[in-house]
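Engineer: Input: one structure, supplied below.
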Amino acid sequence: MCVIVKINKDEFVQAFDKTDRGNNFTTEAREALFGYLDDFEEDIELDVIALCCDYTESTTAEILQNYSELDEELSEKDLTTKKEVEDYIK
């Protein structure tokens, strides 16, 4: 038998602390993840460990380093990309 329980954002955020995964994401990131999942999934299956494996929290600088080829100094193209990434993240 499968029991589905509807949880709210606060319960979602607290679930990470209850499973000793509170250091995987900041509170703001957990709230953003809840919003993302809530927008795209009718029912969120809460598996904190799986979420920690599937998602990661990154800064804008980390995203730029991972997804663009940056030289020592940012070129005009890199500055545009950085602005686009920051706008998308916000």
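The values are calculated or read from the model by the stated rules, or taken from the named source; none is laboratory data. What you see is a predicted model; the values in this text were computed from it and never measured. A quick note on method: Cβ atoms are made from the backbone with ideal geometry, for glycine too, and the neighbour counts reach across all protein chains shown.
Engineer: Just wondering, is there one or more residues in the range 46-62 that are in a loop (DSSP other than H, G, I, E, B), surrounded by 13 or more Cβ atoms within 10 Å (Cβ to Cβ), modelled with pLDDT of 90 or more and among the acidic types (D, E)?
Structural biologist: Yes - at least one qualifying residue is present in the range 46-62.
Engineer: If you don't mind, there's one more thing I want to ask. Kindly check whether there is at least one residue in the range 3-19 that is acidic (D, E), at pLDDT 85 or above, surrounded by 11 or more Cβ atoms within 10 Å (Cβ to Cβ) and closer than 26 Å to E84 by Cα.
Structural biologist: The answer is no, given that none of the residues of the range 3-19 is acidic (D, E), at pLDDT 85 or above, surrounded by 11 or more Cβ atoms within 10 Å (Cβ to Cβ) and closer than 26 Å to E84 by Cα.
Engineer: Still on this model: Just to be sure I understand the filter: pairs with C-beta atoms under 7 Å, separated by 6 or more residues or on different chains, first member in the range 24-41 and farther than 13 Å from S58 by Cα, second member charged (D, E, K, R). Which pairs pass?
Structural biologist: Between residues of the range 24-41 that are farther than 13 Å from S58 by Cα and residues that are charged (D, E, K, R), the close pairs are E31/K9; F34/K9.
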